[in-house]
1. Calculated from the structure, Cα extents along the principal axes in Å equals which of (1) 51, 33, 25; (2) 42, 32, 26; (3) 51, 29, 19?
2. How long is region 66-127 along each principal axis, judged by its Cα atoms, biggest number first, in Å?
3. Computing the accessible area with a 1.4 Å probe over protein heavy atoms, can you report the carbon and sulfur percentage for the chain?
4. I want to make sure I understand the PRE zone here: with the label point 7 angstrom from the Cα of Ser107 toward its beta carbon, which residues in region 64-92 have backbone N atoms less than 20 Å away?
5. Mean residue ellipticity at 222 nm from the helices of the chain, using -39,500 (n - 2.57) per DSSP H segment of n ≥ 4 over the full residue count, to the nearest 500 deg cm²/dmol?
6. Per residue, what accessible area does region 42-127 have, given a 1.4 Å probe and all protein chains present, in Å²?
7. Where nothing but the Cβ of Lys and Arg (+1) and of Asp and Glu (-1) is charged, how large is the charge dipole of region 25-106 around its Cα centre, in debye to the nearest 20?
8. Using a 10 angstrom Cβ neighbour count of at most 15 plus a DSSP loop assignment to flag exposed trypsin sites (Lys or Arg not before Pro), which longest range of the chain is free of such sites?
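The values are calculated or read from the model by the stated rules, or taken from the named source; none is laboratory data. Everything numeric here is computed off the predicted structure, so don't read it as measured data. Ideal geometry is used to build each Cβ from the backbone, glycine not excepted, and the neighbour counts take in all protein chains shown. Surface areas here come from the heavy atoms of the whole protein model, side chains and all, with no ligands, DNA or RNA. Shrake-Rupley method; radii C 1.70, N 1.55, O 1.52, S 1.80 Å.
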Amino acid sequence: PLESPDPAQQDVTVVAADTGRLHEVEALGIRACAVEIPRSFGHPLQELSAMLRIAGLLQRIKPDVVHCVALKAVVAGGIPARLLGVPRLVLAVTGMGSTFLGESLASRLWKGIVRLLLRWIASGRSC
């Protein structure tokens, strides 16, 4: 069950897909922002659009910590967080999903790109 953070101690905003349960988060006194991100990696322009939406939210919220859960969220949230200089990232890659299953040349190329991005996101170094 969700527990409400102490508002005197923390200012919490949840950014997530709206699965119909964000109202439960808001009922705890936590701000909730819906952002739609396709579950799997798709067209590069779609990915860029999602990252720009997240970057806009991060610029407005100015978080001290960003916590990303799942490979897609780590990439889509981690890149803007690093570029915007968010001081701390908590990254939880819960699985590699279909990204790492393919063996075609395109799949191997994409795996290499994702690996490089993950290393950079997790390194804590800025551009």
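1. (1)
2. For region 66-127, the Cα extents along the three principal axes come out at 37, 23, 14 Å.
3. 58 percent
4. 71-72
5. The helix-only estimate for the chain comes to -14000 deg cm²/dmol at 222 nm.
6. Here the residues of region 42-127 average 61 Å² of exposed surface.
7. On the way: 8 positive and 5 negative charges, 54 e Å.
For region 25-106, the charge dipole is close to 260 debye.
8. Details: sites that count: Arg21, Arg39, Arg125.
Maximal segment without exposed cleavage sites: 40-124.
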